[in-house]
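Here's the structure we're looking at; comments come further down.
The values are calculated or read from the model by the stated rules, or taken from the named source; none is laboratory data. What you see is a predicted model; the values in this text were computed from it and never measured. Every residue, glycine among them, receives a Cβ derived from its backbone with ideal geometry; neighbour counts consider all protein chains shown.
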Amino acid sequence: MAACSSGGSASGSGSASGQPYVIGFTSDFSSNFGYLGLGLKAGLDSYWDAINKHGGINGHPVKMIALDDDSQVNRGVANVTQLVTQDHAIAIAGVMYSVICSAAVPLLTQYKVPEICGVVTSNLMHPANPWVYATTTDQAAYAAPQLTMAEKLMKEEGKSGSQVKLAILYALGSDAVVQWADDITSSAKKMGWNVVTQTVPEDAVDMTSQITQLIGAKPTVMVLAAGNDAWVTSGMSQLGTAGNPFPVVSYDVPGWSTVQKVDNHSFYYVSALAYVPSHSTQPGLEQFAKDAAAANVNPNATYVLRGYLQAVILASALKGCGWPCSGAQLEKQLNKTNFSTGGLIDGNVALSSSNHEPVGSLAAYQWNSAQTAPSIVQADLKVGY
């Protein structure tokens, strides 16, 4: 756990006093998805705060400069330009919009600066672009775990082939999510399933009308890629009022606190990231809970752990990079990264020049009012298409 514990990554006790490592951050703070960017920032900040109090990395503090891109491509690219050329950031974190992640690639390539994206398209991972890293995996790779879970649920109901009608519901605005939907559709049709699709505009207030239409279509199961926690909460409440006419398999955009609030036994949550219990025997989760508490942050709030994981990965590479460390040198260290997160994800973060995805398997969870924590209903769901 030396790479992921706050104290273990530091050079000693006490505040760091050397020149800082500068990390750039661009994300949405102001649209109806702004809370996601703020969650990412809170996760990164909680780690940097803790590590700087324990001597920093190689005797140097980490300074993160955070800018709001409002999920606008032009603003995101302008932010990356400023962070790299004016602020001399050696890495970019926090990018949660796949279009911004992709649009920044020419800049990253020109200035040799790596970027960690929260949502990333498969073409940047296969093959791995030298300067782009996923926080977990590329978004389309959630397709196979979600479909595997949906198929399990259908088998339990004695349904297969044309007996299954799959509803696909997703938010517009992200190329990565469109890739996910395309892969879900293609795979489901190969299984002989019928498919019905509804999309939610990114500026929508909720997905009430889409849920209403899907209820009318009478699917047997739904896979969900909603980009807003409030949509998920209201949508699952709507399905609950309708008697839970079909199970819903979501991926881990909504936070754990939202999953708890949903409190619906028909909601299945396929996640790359762990739930943080009040007490944990996993060292990484225990440290994360302490760092979040010190920063007055709910560790199970949306995207907080995702941001914290970005910081843990960057810190591991910075420790190996030494001082000074350029973006090009940091990229080489990222490709040597291999450490246990102590429970933040399943298994090690193991990156290489050909693999820029820290997560290789996910788990499906279920949570209802009879539980004080989510239960795993299916483990070791392999990522893929």
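Take the conditions (1) buried (at least 24 other Cβ atoms within 10 Å of the Cβ); (2) closer than 19 Å to SER71 by Cβ; (3) among the polar types (S, T, N, Q); SER102 misses just one of them, which is (1).
Taking the conditions exactly as written (among the polar types (S, T, N, Q) and not assigned by TED's automatic domain parsing to the domain that holds PHE29), does GLN110 satisfy them or not? So GLN110 does not fit the description; no.
Condition check ((1) outside the structural domain of VAL119 (by TED's automatic domain parsing); (2) farther than 30 Å from MET207 by Cβ; (3) of a type in the set (Asp, Glu)) across all residues:
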| position | (1), (2), (3) |
| --- | --- |
| PHE25 | no, no, no |
| ALA42 | no, no, no |
| ASP45 | no, yes, yes |
| ASN52 | no, yes, no |
| ILE57 | no, yes, no |
| PRO61 | no, yes, no |
| LEU67 | no, no, no |
| ASN74 | no, no, no |
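Just a yes or no: is a residue in the stretch 213-227 modelled with pLDDT under 95, more than 28 Å from GLY161 (Cβ to Cβ) and in contact with an Asp or Glu (Cβ under 8 Å, 6 or more places away or on another chain)? There is at least one residue in the stretch 213-227 that is modelled with pLDDT under 95, more than 28 Å from GLY161 (Cβ to Cβ) and in contact with an Asp or Glu (Cβ under 8 Å, 6 or more places away or on another chain). When the stretch 206-237 is filtered for residues that are aliphatic (A, V, I, L, M) and either in contact with a helix residue (DSSP H, G or I) (Cβ under 8 Å, 6 or more places away or on another chain) or buried (at least 19 other Cβ atoms within 10 Å of the Cβ) (or both), the ones remaining, listed by number, are MET207, ILE211, LEU214, ILE215, VAL221, MET222, VAL223, LEU224, ALA225, ALA226, VAL232, MET236. Take the conditions free of Cβ contacts under 8 Å to residues at least 12 places away in the same chain, over 25 Å from LEU38 (Cα atoms) and not small (Gly, Ala, Ser) and apply them to LYS332. Does it pass? Considered against the rule, which asks whether it is free of Cβ contacts under 8 Å to residues at least 12 places away in the same chain, over 25 Å from LEU38 (Cα atoms) and not small (Gly, Ala, Ser), LYS332 comes out as yes.
For ASN74, the stated conditions do not hold, so it cannot be described as assigned to a helix (DSSP H, G or I), within 23 Å of CYS325 (Cα to Cα) and not β-branched (Val, Ile, Thr). Quick check on my filter: what residues within the stretch 120-152 are of a type in the set (A, V, I, L, M, F, W, C) and within 17 Å of LEU314 (Cα to Cα)? Those that are of a type in the set (A, V, I, L, M, F, W, C) and within 17 Å of LEU314 (Cα to Cα): TRP131, VAL132, ALA134. For the stretch 213-247, a residue qualifies if it is more than 19 Å from the chain's Cα centre (by Cα), outside any helix (DSSP H, G or I) and among the β-branched types (Val, Ile, Thr), and the qualifying residues are THR220, VAL221. Can you say whether PHE267 is assigned by TED's automatic domain parsing to the domain that holds GLY39, of a type in the set (A, V, I, L, M, F, W, C) and within 23 Å of ALA379 (Cα to Cα), as far as the supplied structure shows? So PHE267 does not fit the description; no. The strands (runs of 3 or more DSSP E) located wholly in the stretch 278-385 that include 1 or more residues which are touching a Pro at 6+ places or on another chain (Cβ under 8 Å) and under 30 Å from VAL113 (Cβ atoms) occupy 348-350, 361-366.
Working carefully through the options SER375, SER361, find the one that is in contact with a Phe, Trp or Tyr (Cβ under 9 Å, 6 or more places away or on another chain), small (Gly, Ala, Ser) and surrounded by fewer than 23 Cβ atoms within 10 Å (Cβ to Cβ). The match here is SER375. Considering ASN298, ASN355, ASN348, the condition of being surrounded by fewer than 18 Cβ atoms within 10 Å (Cβ to Cβ), under 19 Å from the mean Cα position of the chain (by Cα), in contact (Cβ under 8 Å) with a residue 12 or more places away in the chain and closer than 26 Å to GLY384 by Cβ is satisfied by ASN355 alone.
For the stretch 82-100, taking the residues that are β-branched (Val, Ile, Thr) and farther than 18 Å from ASP175 by Cβ, the one that is nearest to the chain's Cα centre (by Cα) is identified as ILE92.
Of all residues in the stretch 74-121, those satisfying the criterion of being without any contact (Cβ under 8 Å) to a residue 40 or more places away in the chain and among the small types (Gly, Ala, Ser) are ALA78, ALA103, ALA104.
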